[in-house]
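The values are calculated or read from the model by the stated rules, or taken from the named source; none is laboratory data. This one's a predicted model, so the numbers in the text were calculated from it and none came from an experiment. With ideal geometry, Cβ positions are generated from the backbone for all residues, glycine too; neighbour counts draw on all protein chains shown.
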Amino acid sequence: MSYEIMSQDLQDLLPQLGLVPCVVVGHSMGGRTAMLLALQRPELVERLIAVDISPVEGTGSSHFPAYVAAMRTVNIPDGLPRSRARKLADEQLSSVIQNLAVRQYLLTNLVEVDGRLAWRLNLDALAQHLDKLLTFPQRQESYLGPTLFLLGGNSQFVHPSHHPEIIRLFPRAQIQTVPNAGHWIHAERPQDFIDAIRGFLV
């Protein structure tokens, strides 16, 4: 699992779907994948929106290894009703992840597979390649298309010290902050998130 592999997936998929050029919106790891796609294949990306992430390693991502580890230890017995299973998973996560909003967001990835609840994420792959996913590949080229970096006002993922690298790689970047939002802007402030994107696309 790497940004290069995920970018290649998009390079293969978007033309198959007849979606090029397109507006690419990516959050966190998806935002870095979208950035790399725009840098590698700018002709596929009409506009780029990176949500609460930068091409620079930040302190905000330091919780991710703990989140992944906690999700991997969740144990849900077969046969439990979905509501009880989710409650049990939430209880097990709460010892590591105190923030209720973060737990609720992570629990949206708990889905039914073959009659039992399982994580839709490939947690083993994430854990194995987390070191590569917490950094961004070094790039020399830039993406000259319109770009929005949409940040959560309460998030620590994108620091002002990241701005020079953002502008080096994305010279037309606008940086906008959604007040009272953490890292998961689209879950915490959905209307503000949509309004910001609409405003950028007009």
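You will find that of Ala181, Ala173, the residue that is buried (at least 17 other Cβ atoms within 10 Å of the Cβ), under 16 Å from the mean Cα position of the chain (by Cα) and under 19 Å from Ser54 (Cα atoms) is Ala181 and no other.
Evaluating Ser7 against the criteria (1) in contact with a Ser or Thr (Cβ under 6 Å, 6 or more places away or on another chain); (2) free of Cβ contacts under 8 Å to residues at least 24 places away in the same chain; (3) small (Gly, Ala, Ser) leaves one unmet condition, (2). If the condition is being crowded, with 19+ Cβ neighbours inside 10 Å and not in a strand (DSSP E or B), then region 41-60 contributes Asp52, Ile53, Ser54, Pro55, Gly60. For region 90-100, a residue qualifies if it is surrounded by 13 or more Cβ atoms within 10 Å (Cβ to Cβ), of a type in the set (A, V, I, L, M, F, W, C) and assigned to a helix (DSSP H, G or I), and exactly one does: Leu93.
Taking region 102-186 and the strands (runs of 3 or more DSSP E) fully enclosed by it, the elements with 3 or more residues that are farther than 30 Å from Gln92 by Cβ are at 147-152, 173-178. For region 83-99, does any single residue satisfy the condition of being among the acidic types (Asp, Glu) and in contact (Cβ under 8 Å) with a residue 24 or more places away in the chain? Checked region 83-99: no residue is among the acidic types (Asp, Glu) and in contact (Cβ under 8 Å) with a residue 24 or more places away in the chain.
The single condition among (1) among the hydrophobic types (A, V, I, L, M, F, W, C); (2) touching a Leu at 6+ places or on another chain (Cβ under 7 Å); (3) under 26 Å from Leu106 (Cα atoms) that Val56 does not meet is (2).
With respect to the stated conditions, Ala187 is modelled with pLDDT under 95, closer than 27 Å to Leu106 by Cβ and not β-branched (Val, Ile, Thr). Within region 1-21, the only residue that satisfies the criterion of being β-branched (Val, Ile, Thr) and touching a helix residue (DSSP H, G or I) at 6+ places or on another chain (Cβ under 6 Å) is Val20. Quick test for you: out of Ala70, Ala85, pick the one residue that is surrounded by 15 or more Cβ atoms within 10 Å (Cβ to Cβ), small (Gly, Ala, Ser) and out of contact with any helix residue (DSSP H, G or I) (no Cβ under 9 Å at 6 or more places or on another chain). The unique qualifying residue is Ala85. Considering every residue within region 22-38, establish whether at least one is among the small types (Gly, Ala, Ser), touching a helix residue (DSSP H, G or I) at 6+ places or on another chain (Cβ under 6 Å), assigned to a strand (DSSP E or B) and crowded, with 22+ Cβ neighbours inside 10 Å. Taking every residue of region 22-38 in turn, none turns out to be among the small types (Gly, Ala, Ser), touching a helix residue (DSSP H, G or I) at 6+ places or on another chain (Cβ under 6 Å), assigned to a strand (DSSP E or B) and crowded, with 22+ Cβ neighbours inside 10 Å. Residues that are of a type in the set (D, E, K, R), over 17 Å from Val45 (Cα atoms) and out of contact with any helix residue (DSSP H, G or I) (no Cβ under 8 Å at 6 or more places or on another chain) within region 136-188 comprise Glu165, Arg168, listed in sequence order.
Could you please let me know if Asp78 is farther than 30 Å from Ala173 by Cα, in contact with a helix residue (DSSP H, G or I) (Cβ under 6 Å, 6 or more places away or on another chain) and not aliphatic (A, V, I, L, M)? No, not satisfied.
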